[in-house]
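Written below as structure tokens is the structure these notes are about.
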């Protein structure tokens with residue numbers, strides 16, 4: 001089984017429509033909405049599994065980002081959760097939302113890599 005390189009991020013390419021259309025074609029980490037009564041950490045683990053088939057353990061709250069939706073009709077709040085890889089190869093499991101999934105192990109600019117490592 002392929003194990004991700006240290007510092008690699010699990011990334012999905014967005015392909016959604018309607019409410020899932022924001023950022024279509026761009027790359028992001030797996031994510032989604034919280035189910036009723038679900039904690040952010042449980043949602044992070046569930047969304048990663050649903051979108052990629054990869055099992056992770058949520059370990060740390062990393063903050064949040066607010067931005068307008070592509071159409072400007074809503075404000076999106078994204079909770080950032082640091083997770084540890086446990087098992088499984090990444091695969092596309094929800095093609096209506098994610099067209100591709102892969103480990104992004106490219107070399108990051110040193111200040112960015114240090115910032116990310118400091119958060120994790």
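Among the residues here, residue 31 qualifies as in contact (Cβ under 8 Å) with a residue 40 or more places away in the chain and in contact with a helix residue (DSSP H, G or I) (Cβ under 6 Å, 6 or more places away or on another chain). Does segment 56-68 include one or more residues that are touching a helix residue (DSSP H, G or I) at 6+ places or on another chain (Cβ under 8 Å), within 16 Å of residue 9 (Cα to Cα) and at pLDDT below 90? Yes: segment 56-68 contains one or more residues that are touching a helix residue (DSSP H, G or I) at 6+ places or on another chain (Cβ under 8 Å), within 16 Å of residue 9 (Cα to Cα) and at pLDDT below 90. Among residues of segment 75-99 being loosely packed, with under 12 Cβ neighbours inside 10 Å and farther than 16 Å from residue 51 by Cβ, the one that is farthest from the chain's Cα centre (by Cα) is 75.
Residues in segment 59-74 that are surrounded by 12 or more Cβ atoms within 10 Å (Cβ to Cβ) and either farther than 19 Å from residue 17 by Cα or in contact (Cβ under 8 Å) with a residue 60 or more places away in the chain (or both): 59, 60, 61, 62.
Would you check which residues across segment 9-42 are modelled with pLDDT of 80 or more, part of a loop (DSSP other than H, G, I, E, B) and loosely packed, with under 15 Cβ neighbours inside 10 Å and list them? Across segment 9-42, the qualifying residues are 24, 25, 26, 33, 34, 35, 36, 37, 38, 39.
The values are calculated or read from the model by the stated rules, or taken from the named source; none is laboratory data. All values reported here derive from a predicted model rather than from experimental measurement. Cβ atoms come from the backbone with ideal geometry, glycine included; neighbour counts cover every protein chain shown.
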